[in-house]
Amino acid sequence: MTDSPDMHEKMKLATNPEIWAPGGPVEDWTTDYDIRDEAYVENPVPIWAEMREKCPIAHSERLGGSWNPTKFDDLRAMAGMIPELSSRQVLVMPPAPNAPELSRYEQMIAAAPITADPPLHGWTRRMLLPAFAPRAVTRWEEYTEQLCHELIDEFIESGRCDGAVDYSQQIPPRVIAHIIGIDPGMADQFVEWVNMVLGEGLYDPQNRQKARDEMIGFISAEVAKRQEDPQEDLLTELLFMELEDPEANITPQVVIGITNLLIVAGIDTTWSSIGSGLWHLANNPDDRQRLLDEPDLLPIAIEEMLRYYAPVTMARVAETDIEYEGVHIKRGDKVLMNFPAACHDPEHFEDPDEFVIDRARNRHIAFGSGIHRCAGSNLARLEMQTAIRVWLERIPHFELSDREPMKWAGGQVRGPRIMPMSFPAGQRR
Ligand code: HEM
């Protein structure tokens, strides 16, 4: 497909450094929202309620322009608009001004299957499904549990820790490195890169691009090593996989993109969810006591944590003009996939803005909807359950420190990034 002039203009606009400039505080959330706004990052729940009521598919010119649906049914419908809404640009922020121009194919394999449309999407997703099936992920439980204990051993005697930095953030990078077959000692480096790609880097396009380049360089070297010397690990498995699919064309480039996705998608998301869960339990002693009294409630409580604090907002780009519910989406427009807002829609959840720890009906879409629904959800649930279970076993009573402030990250992935906590020191295993 050749790009029309209007599309070309949009691409130029998207790489224009000026669109990164802060646009000042938001005064009207229905016409001028900014997902970087402090109030939105701190607590978007009341803002979504206002947007849903006044203008359920809002538009803002900020950050190069985007649409923002906040109703469950609209999110589900839009996630199904394929190929009209393409996944080849899933970042909610515009590309860095110095980002290289990529062809459609390069965009799609950059982090397939999440950045791919069919047919590329189908076979790249199938490459991943066996490793992340419900039964397959149980083999990582022991490693995760051991890791959680080791992390807690480091700070339990002191009676304080940063629940985000010292605990939540440490778990997913080590687990995913272990699964892929990369030295878990790289975990801190992964966190730094992912933070730049999805977190702080959203406000710093130059460094975001640099981090992305470094990460791809590292993964490419790991792939090259396994081409020479195959190992017993997921990376080797992906590289030498054979699929019975005439469309499949597994090249090192495809495997680099998939590995990039596993690191990016598997880290920030799950650490945010573990962190939000701990934040909730620190602030809500009744819910914490309920879990201490009824540990079997944990899987249901985890679903409510996923719903209430759903971390991930994605994006799509319109491949054609779309008329939907009176809204005119133009070819080249960005549409935010605001799954977190959909998880608070009163048409689908009773008392959606209440956290109900034993919520019985909870068909949330924190993991997305449709063909791109999270392929790592079984692993994410396993990590969340293990992390919160072990924490509660070791540190049943804890609170947020009143001495130091905490910090949330927002934008593409929302969760606590700095979360000082205190608790009675020295509880033992
Ligand atoms: C609580 C943690 C997690 C949340 C909330 C989450 C959320 C999501 C969401 C919303 C999507 C859909 C993206 C879209 O529609 O564009 C997605 C896709 C995906 N996630 Fe997760 N994710 C989590 C953890 C993980 C983990 C641990 C992994 C694996 C290491 C993972 C791997 C993937 C993959 C491969 C896709 C792409 C699937 C496809 O395009 O077919 N995620 N995730």
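Taken together, the values in this text are just the output of simple stated rules run on the coordinates, not laboratory data. These numbers were taken from a predicted model, which means no experiment stands behind them. Neighbour counts run over all protein chains shown; Cβ positions are idealised from the backbone, glycine included.
Counted residue by residue at 0.36 nm each, then reduced by the alpha carbon distance between them, the extension gain from Glu106 to Glu347 reaches 82.8 nm. Reducing segment 173-212 and segment 300-334 to their Cα centroids gives an inter-centroid distance of 25 Å. Bridges between two residues of the chain, per DSSP, are antiparallel at a rate of about 95%. Highest mean first, the peptides 97-110, 408-421 sorted by other C-beta atoms within 10 Å per residue fall in the order 408-421, 97-110. The mean of 1/r over all distinct Cα pairs in the chain, once inverted, gives the Kirkwood hydrodynamic radius of 22.2 Å. I'd like the distance separating the alpha-carbon centroids of segment 224-256 and segment 90-146, in whole Å. Each part's Cα centre sits 14 Å from the other's.
What pairs from Lys210/Lys407; Lys54/Lys334; Lys225/Lys407; Lys225/Lys334 go past 31 Å between their alpha carbons?
Lys225/Lys407; Lys225/Lys334
A simple charge model with +1 on the Cβ of Lys and Arg, -1 on the Cβ of Asp and Glu and nothing else charged puts the dipole of the chain at about 360 debye relative to its Cα centre. Multiplying the residue separation of Leu243 and Ala221 by 0.36 nm and removing their Cα-Cα distance gives an extension gain of 5.5 nm. Its Cα gyration tensor gives segment 65-190 an equivalent ellipsoid. The semi-axes, each the square root of 5 times an eigenvalue, are 34, 20, 17 Å from largest down.
Roughly how many nanometres apart are two label points built 7 Å out from the Cα toward the Cβ at Arg290 and Val45? It is 1.3 nm.
Just checking the listed ones, Gln146, Gln385, Gln169: in the Gaussian network model of the chain with Cα springs under 10 Å, the one fluctuating most is Gln146. Each listed q (0.10, 0.17 Å⁻¹) maps to a log10 I(q)/I(0) for segment 194-347, found by the Debye formula over equal Cα scatterers with no solvent: -0.62, -1.13. Computed from the Cβ-Cβ distance with R0 of 41 Å, the FRET efficiency linking Glu61 to Ile418 stands at 0.85.
Fully extending the segment from Thr138 to Leu297 would add 55.3 nm, taking 0.36 nm per residue of separation and subtracting the current Cα-Cα distance.
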